[in-house]
Amino acid sequence: MIPDSRHLLHIRGLSVETLQTYLSLSQKIKQDPSKYTQVLKGKSVLQFFIENSTRTRMSFDTAIRKLGGGIISFSPGISSLNKGETIIDTIQTIKQYGMDMVAIRHSSSGAPALVASVLDVPVVNAGDGQHEHPTQALLDCFTLLEHWKINPTQANPFKDKTIVIVGDIFHSRVARSNIHAMTTLGARVVLCAPQTFLPSDLSLFPKVDVEYKLDRILPHADAVMCLRIQFERQNDRQIPSKQEYRHFWGMTAERKHALKSGAVVMHPGPVNRGLEIDPEIADSSQSLILKQVENGVWTRMAVLATLGSEGALS
Ligand code: CP
């Protein structure tokens with residue numbers, strides 16, 4: 001897969017240098033956001049969210065405002081999509097009002113690439129179906145690098161780090177983007193889940209390890225990323241019961257003691273509290289969950305600034 005550098009549609013295929021450029025710019029922006037307040041001056045970004053979102057949508061809003069850009073909001077619930085208008089006709093229509101970039105979230109994998117194929121402006125994938133969520137992976141990697149005080153531009157930034165991704169990997173675009181990003185940056189990534197929550201074709205992720213028992217891998221993890229169980233995407237029962245899932249794969253309060261000293265816990269949100277992670281861990285000093293939320297603004301600013309300035313800002 002050859003990435004099209006005009007857009008950010010996926011992490012898969014991006015070079016380590018491209019990831020480092022985004023992460024390094026995120027760091028610079030966080031250190032002094034006042035230097036970047038005019039980057040999108042006179043430009044407008046369409047927030048084309050056709051699927052629910054709190055964090056991604058609001059952090060894109062904040063990022064656009066901080067870069068001095070204008071926001072074009074789209075409300076799918078009161079739009080003519082509900083009358084059967086296609087996504088292509090819809091985006092071509094909105095384009096006539098003037099827009100310089102698009103952030104798109106859609107429940108169908110590939111929708112951002114489809115939109116990008118008919119537009120001459122940069123498109124950012126804000127999460128598509130079970131495919132990818134590239135800006136989530138950037139903010140997750142940024143958060144870990146910041147916490148571990150690692151320079152994003154050093155060789156193999158995640159060298160010697162073991163990152164365990166636990167839960168509903170099958171449905172998770174967050175997991176897919178993070179697997180590509182974290183392994184490219186040098187981490188050992190271990191997927192941990194019941195068999196039914198793992199993708200059937202693991203050869204798509206040749207660099208990962210798999211461990212079915214959380215208790216066996218937990219003491220080796222430098223970071224544990226819990227994933228939301230996506231009940232809305234399940235066609236049949238993939239776990240026998242929530243209680244059993246929590247017992248074997250939940251970051252329960254009891255498992256806090258199994259973590260090695262200094263290990264951190266993450267979750268992209270929204271969280272099913274008491275299922276994937278207990279409040280005793282989610283709200284503890286080992287949790288980076290709210291830091292992930294905050295850092296979403298800086299990393300999305302970096303993406304919008306890079307694409308909006310055709311790379312001139314790296
Ligand atoms: N992590 C994430 O994408 O959250 P939202 O669905 O709230 O945007």
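The values are calculated or read from the model by the stated rules, or taken from the named source; none is laboratory data. Quick caveat: nothing in here was measured; it's all calculated off a predicted structure. Using ideal geometry, Cβ is built from the backbone for each residue, glycine included, and neighbour counts are taken over all protein chains shown. Side chains included, ligands, DNA and RNA excluded: accessible areas come from the protein's heavy atoms. Shrake-Rupley method; radii C 1.70, N 1.55, O 1.52, S 1.80 Å.
Looking across segment 106-129, just one residue is within 13 Å of the ligand (Cβ to nearest atom), open to solvent by 10 Å² or more (accessible area, probe 1.4 Å) and either closer than 13 Å to H171 by Cβ or touching a Ser or Thr at 6+ places or on another chain (Cβ under 6 Å) (or both), and that is S107.
Within segment 253-277, if we keep just the residues that are away from the ligand (no atom under 16 Å from the Cβ) and open to solvent by less than 10 Å² (accessible area, probe 1.4 Å), the residue that is farthest from N178 (Cα to Cα) turns out to be A263. Against the test of being of a type in the set (A, V, I, L, M, F, W, C), within 19 Å of L138 (Cβ to Cβ), modelled with pLDDT under 95 and surrounded by fewer than 16 Cβ atoms within 10 Å (Cβ to Cβ), the options M1, M58 yield a single qualifying residue, M1.
Picking from residues in segment 284-314 that are of a type in the set (S, T, N, Q) and assigned to a loop (DSSP other than H, G, I, E, B), the one that is surrounded by the most Cβ atoms within 10 Å (Cβ to Cβ) is Q286. The number of residues in segment 8-41 being open to solvent by 40 Å² or more (accessible area, probe 1.4 Å), within 17 Å of N178 (Cα to Cα) and not aliphatic (A, V, I, L, M) comes to 6.
Kindly provide the set of residues from segment 223-261 that are assigned to a helix (DSSP H, G or I), without any contact (Cβ under 8 Å) to a residue 60 or more places away in the chain and among the hydrophobic types (A, V, I, L, M, F, W, C), ordered by number. Hits for segment 223-261 are F231, F248, A253, A258.
If I go through segment 256-301 residue by residue, how many of them are of a type in the set (F, W, Y) and over 14 Å from the mean Cα position of the chain (by Cα)?
Kept after step one, since they are of a type in the set (F, W, Y), are these residues of segment 256-301: 298.
Those still in the list that are over 14 Å from the mean Cα position of the chain (by Cα) too: none.
Residues flagged as of a type in the set (F, W, Y) and over 14 Å from the mean Cα position of the chain (by Cα) within segment 256-301 amount to 0.
Taken over segment 186-205, the criterion of being in contact with a helix residue (DSSP H, G or I) (Cβ under 6 Å, 6 or more places away or on another chain) and open to solvent by less than 10 Å² (accessible area, probe 1.4 Å) is satisfied by V189, V190, C192. For segment 63-87, filtered to residues that are more than 18 Å from S309 (Cα to Cα) and among the β-branched types (V, I, T), the residue that is farthest from the ligand (Cβ to nearest atom) is T86.
Scanning segment 1-35 for residues that are under 15 Å from E310 (Cα atoms) and touching a residue at least 24 places away in the same chain (Cβ under 8 Å) turns up D4, S5, R6, H7, L8, T21, Y22, L25.
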